[in-house]
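Colleague: Mind looking over this structure? Questions follow.
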Amino acid sequence: MSIRLHLLLGALLSAGLANCHADSIWVEGEAARSKQVTHHGWYDGVKKDVLSGGEWLSHFDPNRQGLATYELTVKTSGRYKFWVRANHVKSSLAYRLDNGPWQQIEMDRDQRGAMNIASDNKPDLRFIAWVNVGTVELTDGLHHIEFRMDSGPQNHGAIDCFCLTNDSWVPSGTQKPSAEPQVAGPSDWFPVVLDNDPLAPESVIDISRLIEAPAGEHGFLVADAEHLRFAQSKNPSKFWAINASPNELSQEQMEHAARWYRKHGINLVRQHTLIDAVGLLQHDGEFDAERLDHYDRWFAALKEQGIYSTWSVIYPHHGPFLQKHDGYDPALFAELDRADKQHDGTRQAIVVNDFINLDRELQDIALRYFERLLNHKNPYTGLMYKDDPTLAVLEFQNESNVFFHTLNGLRSGEYPLFGGKLRRGFYEFVKAKYRTQAEVARAWGNRWDRDDKWDAGELGLMAAYHWGSDGPLHEFAGQDRRAGDYIEFLTKQQRDYYLRREQEVRRIGFKAVTVTTAWKSGGPAASMANLVADVAGNMIDRHNYYGGGAGGHVITEGQVETRTHLAEPGHGLLGLGLFQIDNKPFSVSEWSMLPPSPYKAEAAPLYAFYGVGLQGWDAVYHFACNSTRMGDGWPSLRKYVTETPHYIGQFPALAFAIYNGHIREGDVVAARTLGKADVFAGKDVLGQSLSAGGWDAKELAGRLTTSPATLAIGRVTIDFARKSHTATSDLAQYHDEPEKTLTSTTKELVWRYGEKRIEVRSKQTQAIIGFCGDKAIQLPSVRTEIKTPFVSLIFTPLDNEPLVDSRHILITALARDKQTGTEFNEDWSRLIKVGGPPLLLEPVEAHVLLAGSVPSSVRPLDGYGVPTDESIPIAPDGSFIIDGRYKTYYYEIKR
């Protein structure tokens, strides 16, 4: 939008106007020359410490619109960017110049730094964001600008400040344009404020050359034993992936996003969920044409940049698929609808996600989505999706199985019709296995449940909370055999569904890789049975999260999880490696170490070096990318965010190492085989269930148990056969107990759990992840003395030569982060004030000496990876110092 404005720049600081830069205008919202506003106690209950000037101008009144007028003065004509920081949620805000026509501000257009500022953290109207009003032409003269607030029934609206600028300034929190660059000291935390990435060809971090484009040139992706491979390629492929959606992106933004992903090494995107993007099937059996076209454009934009797609087709928690016109049994529909707190009588949104595992009719209704979508021809690729190799992975359903707590209501009687069907099904299963009531009584220790009605053909159900690690809990305590039989019954239900779905999507014509679901069991005793069901797909997939703190899915004041993985090898995010099936690919389609945990910089390197590298995982997808550029502060105070320095900022170095094979797969050091009796033992025989979330893997004594720490040494696998056994290598040679150190079978990774540090010691990529204790650390090709307590410091040879010989090296250096104004207690275990944008990074202070020839230059890079004009001094011995003076987390070395 280009609007011709006639404004003047003045220096009326008493009126809230600040001349912050040569030709920039900053105006405080509360400094209106005149105003017609009504304050409201609830609406003004906000965190004013994150507001510019500590206040805002607000209006909340159903009886009249809000108005505010400002007087401005300027002296330099030209084109200016116009930004306003205002309440944007369900907000209608307009402005006009000098009694001219009102101009509506598009509040969802190009937002920056959106955040909840409600003093009670409730997710209501009280949010704030910078909004790009447009580009304006300014000429001299004294004029007025007036804002109108007329949102919905309450006419709500609020303005913190607004700014007009003619330079490259990008808004972030309350940070104003500054005429002079701020001088920083070695230990000074520095702000990260980035605009849309210009995708400059001189960017040092751009590794798009490693991702061949367009996607799909080597045939369909297939499962080849424990690896993924394209049908027309002899070599396995690895995927460094993200979850991302097109949302409301324009065509230009889609194309930019795809190029930005590729630049950072992303070669696979999971669409979660697909029906959330394209909508529900309508009465005529078709999708909304506009939404489907929007997704088609997104898929094609990704493909053009060499980025493959994974489909998470259904997940009713995010996009319900069951509608009344689908023809589902009316009585069962009504039962599900009553249980849905958001029910409207026309569709069922919540519990279908897990009842689908028990009901063939629901499964068939969901299949319609697979059929319509796979048979749809994308006009921008010219191919039906089933015929496009760019669609690499098809997921049957997200986070859903028969073993989770969402079906506990079947036990309590919340779903009488479904419960009755399942009780009768369990009876038939048990009768077929034992034949007579007497044999059942003998096997179950002559103990019966309150709901057992043998003569009526029904047997009582169990719930996930009954399936304890060491046997059944509560009223079923001691009934291991009954628990095993019930879990076996559910496993057959689940596995039959998955096997049928596999056959159905192949009949439709899908040719690439399938996964069943990524979900865990609700009770530990069903952990291995759940895995047996998942083997029906081509690849095993899992989800895992770690860290975070108070606030659920968003960041709020309160407790902070400060545990680090580095003191507990193999736990946390890596614990999923204990569920890797022998001779089957393995992926993690959702993972993250959540903010505001202070040590989250360790997570992405752990997944790259130990997960994809040592363990040989085939695809890992960070959750989730919500933007087409680097985020502002802790973006929107969400905990699931890719667009931060700790995640996408480290991706170029990590993806470069993965695609070039810098970290070799380890030897299998623990091969566990489970027989049917142990799978359905009614207890967790391996002691490694992740059912409680995070990690709860137990190092139990027993012939089948494997310590999670084994994952730091080599690969760990599971297989299923007639008889259980475990084959374990001699691990003592890799474990230095006095030094509390674990070395991988490849010798490339060293986990110093006593010092809470990992060292990557390959010939090419080398790194230090963790706590350094202000001591010198010697890697094979680099010596460092690190002052910063905790770091992720990665050295990448961009010419793919051994680091000692490399003539072009990227340093990626990250430590802790916080927002401007954030306050923690002394040990960071409690967040006292959330603060706001911009994000502040703790600098990595390190003295670096590379083996080999002396560097000819060391330069800091900006946040886009482009070299700055600065040059870092190099000592005669070739050493140099990186620290906060350079306000960056990227450095380039040339030799």
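Colleague: Return yes or no: is GLU826 assigned to a loop (DSSP other than H, G, I, E, B), within 28 Å of ALA200 (Cα to Cα) and without any contact (Cβ under 8 Å) to a residue 24 or more places away in the chain?
Modeller: It is false that GLU826 is assigned to a loop (DSSP other than H, G, I, E, B), within 28 Å of ALA200 (Cα to Cα) and without any contact (Cβ under 8 Å) to a residue 24 or more places away in the chain.
Colleague: Still on this structure: Show the residue pairs that are 6+ apart or on different chains and have beta-carbon atoms under 7 Å apart, the first residue being within region 497-515 and acidic (Asp, Glu), the second being assigned to a helix (DSSP H, G or I) and at pLDDT 95 or above.
Modeller: GLU504/LEU367
Colleague: I'd like the full set of residues that are open to solvent by 10 Å² or more (accessible area, probe 1.4 Å), among the polar types (S, T, N, Q) and more than 17 Å from TYR434 (Cα to Cα), limited to region 467-511.
Modeller: SER469, GLN493, GLN503
Colleague: Can I ask one more? Search region 806-821 for residues being open to solvent by less than 10 Å² (accessible area, probe 1.4 Å) and of a type in the set (Val, Ile, Thr), and hand back the single one that is farthest from the chain's Cα centre (by Cα).
Modeller: Here the residue is ILE809.
Colleague: Can I ask one more? Those residues that are in contact with a Lys or Arg (Cβ under 6 Å, 6 or more places away or on another chain), of a type outside the set (A, V, I, L, M, F, W, C) and farther than 30 Å from TYR465 by Cα, I need them from region 652-683; list them, please.
Modeller: GLY666
Colleague: Pull up region 342-362, narrow it to residues that are among the polar types (S, T, N, Q) and surrounded by 19 or more Cβ atoms within 10 Å (Cβ to Cβ), then point me to the one that is modelled with the lowest pLDDT.
Modeller: This residue is GLN348.
Colleague: Name the one entry in LEU831, LEU840 that is open to solvent by 30 Å² or more (accessible area, probe 1.4 Å) and part of a strand (DSSP E or B).
Modeller: Result of the check over LEU831, LEU840: LEU840.
Colleague: If the requirement is being over 21 Å from GLN65 (Cβ atoms), among the small types (Gly, Ala, Ser) and either surrounded by 14 or more Cβ atoms within 10 Å (Cβ to Cβ) or touching a helix residue (DSSP H, G or I) at 6+ places or on another chain (Cβ under 9 Å) (or both), which of these qualifies: SER178, SER151, SER187?
Modeller: When all the criteria are applied, what remains is SER187.
Colleague: Among the residues of region 771-790, are any among the hydroxyl-bearing types (Ser, Thr, Tyr), over 29 Å from VAL669 (Cα atoms), open to solvent by less than 70 Å² (accessible area, probe 1.4 Å) and outside any loop (DSSP other than H, G, I, E, B)?
Modeller: Checked region 771-790: at least one residue is among the hydroxyl-bearing types (Ser, Thr, Tyr), over 29 Å from VAL669 (Cα atoms), open to solvent by less than 70 Å² (accessible area, probe 1.4 Å) and outside any loop (DSSP other than H, G, I, E, B).
Colleague: If you don't mind, there's one more thing I want to ask. Scan region 53-62 and tell me whether some residue there is in a loop (DSSP other than H, G, I, E, B), aromatic (Phe, Trp, Tyr) and either open to solvent by 30 Å² or more (accessible area, probe 1.4 Å) or closer than 15 Å to ASP150 by Cβ (or both).
Modeller: yes
Residues are listed down the side, and each one gets a yes or a no for (1) in contact with a strand residue (DSSP E or B) (Cβ under 6 Å, 6 or more places away or on another chain); (2) buried (at least 23 other Cβ atoms within 10 Å of the Cβ):
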{"residue": "GLN104", "(1), (2)": "yes, no"}
{"residue": "ASP110", "(1), (2)": "yes, no"}
{"residue": "LYS122", "(1), (2)": "no, no"}
{"residue": "TRP130", "(1), (2)": "yes, yes"}
{"residue": "GLY141", "(1), (2)": "yes, no"}
{"residue": "SER168", "(1), (2)": "no, no"}
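Colleague: Then there is this: Which of the residues spanning region 530-550 are of a type in the set (Gly, Ala, Ser) and either farther than 13 Å from LEU594 by Cβ or crowded, with 19+ Cβ neighbours inside 10 Å (or both)?
Modeller: Within region 530-550, ALA533, ALA536, GLY537, GLY547, GLY548, GLY549 meet the criteria.
Colleague: Can you tell me how many residues within region 567-625 are in a strand (DSSP E or B) and either farther than 14 Å from TYR546 by Cβ or of a type in the set (A, V, I, L, M) (or both)?
Modeller: Counting residues in region 567-625 that are in a strand (DSSP E or B) and either farther than 14 Å from TYR546 by Cβ or of a type in the set (A, V, I, L, M) (or both) gives 12.
Colleague: Given the residues ILE777, ILE769, which is the only one that is β-branched (Val, Ile, Thr), over 22 Å from ASP188 (Cα atoms) and touching an Asp or Glu at 6+ places or on another chain (Cβ under 9 Å)?
Modeller: ILE777 is the lone residue from the list that is β-branched (Val, Ile, Thr), over 22 Å from ASP188 (Cα atoms) and touching an Asp or Glu at 6+ places or on another chain (Cβ under 9 Å).
Colleague: Given the condition among the charged types (D, E, K, R), within 42 Å of the chain's Cα centre (by Cα), loosely packed, with under 14 Cβ neighbours inside 10 Å and modelled with pLDDT under 85, answer yes or no: does some residue in region 3-26 qualify?
Modeller: yes
Colleague: Separate question: State whether the residues of region 263-282 include one that is of a type in the set (Ser, Thr, Tyr) and under 23 Å from ARG368 (Cα atoms).
Modeller: yes
Colleague: When both residues are 6+ apart or on different chains and their Cβ atoms are under 6 Å apart, which pairs have a first residue that lies in region 89-117 and is under 25 Å from HIS553 (Cβ atoms), and a second that is part of a strand (DSSP E or B) and open to solvent by 30 Å² or more (accessible area, probe 1.4 Å)?
Modeller: VAL89/PHE127; ASN116/PHE127
Colleague: Give GLU202, GLU212, GLU226 a once-over and let me know the one that is over 22 Å from ASP541 (Cβ atoms) and out of contact with any Gly (no Cβ under 6 Å at 6 or more places or on another chain).
Modeller: GLU202
Colleague: Out of curiosity, is VAL37 surrounded by 15 or more Cβ atoms within 10 Å (Cβ to Cβ) and within 33 Å of the chain's Cα centre (by Cα)?
Modeller: Against the criterion (surrounded by 15 or more Cβ atoms within 10 Å (Cβ to Cβ) and within 33 Å of the chain's Cα centre (by Cα)), VAL37 does not qualify.
Colleague: With the condition kept exactly as written, say whether any residue in region 853-873 is part of a strand (DSSP E or B), open to solvent by 50 Å² or more (accessible area, probe 1.4 Å) and polar (S, T, N, Q).
Modeller: No, that holds for no residue.
Colleague: Considering only residues that are open to solvent by 10 Å² or more (accessible area, probe 1.4 Å) and within 18 Å of GLY770 (Cα to Cα), which ones fall in region 706-740?
Modeller: Those that are open to solvent by 10 Å² or more (accessible area, probe 1.4 Å) and within 18 Å of GLY770 (Cα to Cα): ALA709, GLU739, LYS740.
Colleague: Here is a follow-up. Please verify whether LYS683 is open to solvent by 40 Å² or more (accessible area, probe 1.4 Å) and modelled with pLDDT under 90, treating the condition exactly as stated.
Modeller: no
Colleague: Shifting gears a bit: Identify the single condition in (1) in a loop (DSSP other than H, G, I, E, B); (2) of a type in the set (A, V, I, L, M, F, W, C); (3) in contact (Cβ under 8 Å) with a residue 60 or more places away in the chain; (4) in contact with a helix residue (DSSP H, G or I) (Cβ under 9 Å, 6 or more places away or on another chain) that LEU810 does not satisfy, given that it satisfies every other one.
Modeller: (1)
Colleague: Being open to solvent by less than 40 Å² (accessible area, probe 1.4 Å) and more than 20 Å from LEU499 (Cβ to Cβ) is the requirement here; does TRP444 meet it?
Modeller: Yes.
Colleague: Does region 191-202 include one or more residues that are more than 23 Å from ASP632 (Cβ to Cβ), open to solvent by less than 60 Å² (accessible area, probe 1.4 Å) and in contact with a helix residue (DSSP H, G or I) (Cβ under 9 Å, 6 or more places away or on another chain)?
Modeller: No: zero hits.
Let's see how each residue does on (1) open to solvent by 10 Å² or more (accessible area, probe 1.4 Å); (2) in contact with an Asp or Glu (Cβ under 7 Å, 6 or more places away or on another chain):
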site	(1), (2)
ARG259	yes, no
LYS263	no, yes
VAL269	no, no
TRP298	no, no
VAL313	no, yes
ASP326	yes, no
LEU332	yes, no
GLU335	no, no
ASP340	no, no
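The values are calculated or read from the model by the stated rules, or taken from the named source; none is laboratory data. These figures come from a predicted structure and were not determined experimentally. Here the Cβ is made from the backbone with ideal geometry for all residues, glycine too, and neighbour counts use every protein chain on show. These area figures cover heavy atoms from the full protein model, side chains too; ligands, DNA and RNA do not enter into them. Shrake-Rupley method; radii C 1.70, N 1.55, O 1.52, S 1.80 Å.
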